[in-house]
Structure formats: C-alpha cells, structure tokens
Amino acid sequence: AQSVTQLGSHVSVSEGALVLLRCNYSSSVPPYLFWYVQYPNQGLQLLLKYTSAATLVKGINGFEAEFKKSETSFHLTKPSAHMSDAAEYFCAVSLIQGAQKLVFGQGTRLTINP
Amino acid sequence: KAGVTQTPRYLIKTRGQQVTLSCSPISGHRSVSWYQQTPGQGLQFLFEYFSETQRNKGNFPGRFSGRQFSNSRSEMNVSTLELGDSALYLCASSYHDLWGGIYEQYFGPGTRLTVT
C-alpha cells in the first residue's frame with residue numbers, strides 16, 4: 001500500500017532561515033507527489049507537484065522540492081523563511097491511475113520565530 | 001476562474017441527525033473528491049465522483065454517502081451522526097482526461113461540522 005510519512009509534526013525556524021520539511025513515501029509504482037499548505041480555517045492550497053518530469057520542482061511562494069527515488073523522499077525547502085509561511089504543510093501521494101485519490105501525511109506545523 | 005465552493009461553511013448538528021454538504025467544483029472540472037480532516041486521524045479520503053459515478057471509495061462506514069449531478073456539483077450525506085463525525089469536510093475538484101492522467105486537486109474552504 002502506498003503511504004506518506006512526514007518527519008516532524010512541528011518545525012520551528014527563525015525568519016530568514018532555511019525551511020526544510022521532510023516527506024518520505026512508499027510506493028510500488030512511480031508516484032505522483034504533492035505538497036499542500038493549509039492556513040488556519042482554510043482549505044488546502046497546492047504548493048507544487050511532481051509528476052515524473054523534472055526531479056527538482058519549483059512551486060509558489062519560493063518553495064521547491066526535490067524528488068529522490070533512491071531515498072524515496074520528496075522534501076520541501078525554502079531558502080529564507082517569512083512570517084507569512086507559518087501554516088500546516090501536507091505531503092501527499094496520488095493513487096490509482098485514472099482516479100483522483102490523495103493519501104496524505106500527518107502534516108507538519110511550521111512556526112516562524114521573529 | 002472561481003474556486004471550489006462549499007456550503008455551508010459551518011454546521012452544528014445533534015447525534016442521530018443527518019446532514020448534507022454541498023460542493024461546487026471549478027468550472028470544467030468533472031472529478032470531485034471528498035476528504036475528512038480531524039486532529040486525530042488527519043486527512044482521510046472519503047470518495048471520488050466522476051460523471052455522476054462513484055469511482056473510488058475510502059474506508060468509511062455506509063453512513064457516509066455522496067452523489068454527483070450532471071453539472072458536476074456534488075453532495076455528501078452523513079446519516080445517523082455520531083460525535084466522532086465532527087470534522088472539517090473538504091471537497092476537491094480536478095481535471096480529468098481520457099487517458100487516466102493524474103492531476104492536482106483544488107480544495108474548497110471546507111465545511112466545519114460539529115456534532116453535539
């Protein structure tokens with residue numbers, strides 16, 4: 001069965017510091033991977049997606065993620081954190097070709113310290 | 001383009017009652033998926049509809065059901081509500097092609113259901 005593990009339910013960084021949110025997946029076939037962000041009392045917003053094209057994927061708000069098949073990882077990074085980045089981040093893998101079903105990790109809450 | 005809309009945004013119901021939630025997808029999107037989000041279980045897939053047919057279903061009891069209309073709007077229904085059904089219910093829509101490609105899902109703001 002395909003699954004996603006996010007290491008660290010809570011990550012805290014200083015404003016201007018590097019943001020690194022970890023995601024490992026388990027999949028028997030080449031996966032489609034996504035990162036979503038959720039602000040309080042809102043739905044999920046797509047940050048970026050990996051669909052077997054380039055392994056380094058750039059998303060919105062300065063975020064990017066690198067797909068590493070050998071490590072089964074898809075970590076999310078941002079060079080310099082901004083206060084507005086404080087939110088919960090979810091990594092997800094898409095299952096079943098032809099049907100839209102996402103399996104999510106447990107989420108990582110990102111806190112930015114001034 | 002307007003985003004995914006969900007109504008109502010907030011609901012308070014009593015145990016044993018039933019509830020219907022509504023979702024309007026982005027124009028042109030024919031696939032609609034539903035998810036339940038709770039602090040304990042996180043985000044869990046409920047079901048997906050395409051062309052008025054349920055294509056995939058998550059591991060939820062039969063009290064949870066849904067349907068999709070010809071205009072791609074979708075509803076989900078929960079009957080005989082339990083306290084544990086209190087959650088944020090998220091709807092997502094996505095594009096669909098004839099070759100079964102996987103596309104990103106766009107989420108609505110959710111409906112916050114509280115069961116007392």
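The values are calculated or read from the model by the stated rules, or taken from the named source; none is laboratory data. Quantities reported herein were computed from a predicted structural model and do not represent experimental measurements. Positions of Cβ are backbone-derived with ideal geometry, glycine not excepted, and every protein chain shown enters the neighbour counts. For accessibility, only protein heavy atoms count, side chains too; no ligands or nucleic acids. Shrake-Rupley method; radii C 1.70, N 1.55, O 1.52, S 1.80 Å.
Overview of values
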read-out	value
Checking B:Ser72 against (1) at positive phi; (2) more than 14 Å from the chain's Cα centre (by Cα), the condition it does not meet	(2)
Enumeration of residues in the range A:65-104 that are under 21 Å from A:Gln38 (Cβ atoms), outside any strand (DSSP E or B) and facing chain B (nearest Cβ under 8 Å)	A:Gln100
Any hit, the range B:42-55, residues being within 13 Å of another protein chain (Cβ to nearest Cβ), of a type in the set (Phe, Trp, Tyr) and more than 21 Å from B:Ala2 (Cα to Cα)	yes
Members of the range A:29-38 that are open to solvent by 40 Å² or more (accessible area, probe 1.4 Å) and part of a loop (DSSP other than H, G, I, E, B)	A:Val29, A:Pro30
Flag for A:Ser26 being away from every other protein chain (no Cβ under 11 Å), surrounded by fewer than 17 Cβ atoms within 10 Å (Cβ to Cβ) and at pLDDT below 95	yes
Which listed residue is surrounded by fewer than 21 Cβ atoms within 10 Å (Cβ to Cβ), in contact with a Ser or Thr (Cβ under 7 Å, 6 or more places away or on another chain), farther than 26 Å from A:Leu48 by Cβ and not charged (D, E, K, R), from B:Asn59, B:Asn77, B:Asn71	B:Asn77
A:Gly62 being open to solvent by less than 80 Å² (accessible area, probe 1.4 Å) and within 8 Å of chain B (Cβ to nearest Cβ)	no
Matching residues, the range B:78-111, being more than 18 Å from A:Leu33 (Cβ to Cβ), at the interface with chain A (Cβ under 8 Å from one of its Cβ atoms) and part of a strand (DSSP E or B)	B:Leu90
Close pairs (6 angstrom Cβ cut-off, 6 or more residues apart or separate chains): at the interface with another protein chain (Cβ under 9 Å from one of its Cβ atoms) in the range A:36-50, among the acidic types (Asp, Glu) anywhere	A:Gln38/A:Glu88; A:Leu46/B:Glu104; A:Lys49/B:Glu104
Residue selected from the range B:80-89 under the condition open to solvent by 30 Å² or more (accessible area, probe 1.4 Å) and within 14 Å of B:Gln41 (Cα to Cα), by the criterion farthest from the chain's Cα centre (by Cα)	B:Gly84
Residues that are in contact with a Lys or Arg (Cβ under 8 Å, 6 or more places away or on another chain), within 14 Å of chain A (Cβ to nearest Cβ) and not polar (S, T, N, Q), drawn from the range B:15-31	B:Cys23, B:Pro25, B:Ile26
Residues of the range A:39-59 satisfying the condition of being closer than 14 Å to A:Glu88 by Cβ, open to solvent by 50 Å² or more (accessible area, probe 1.4 Å) and part of a strand (DSSP E or B)	A:Gln45
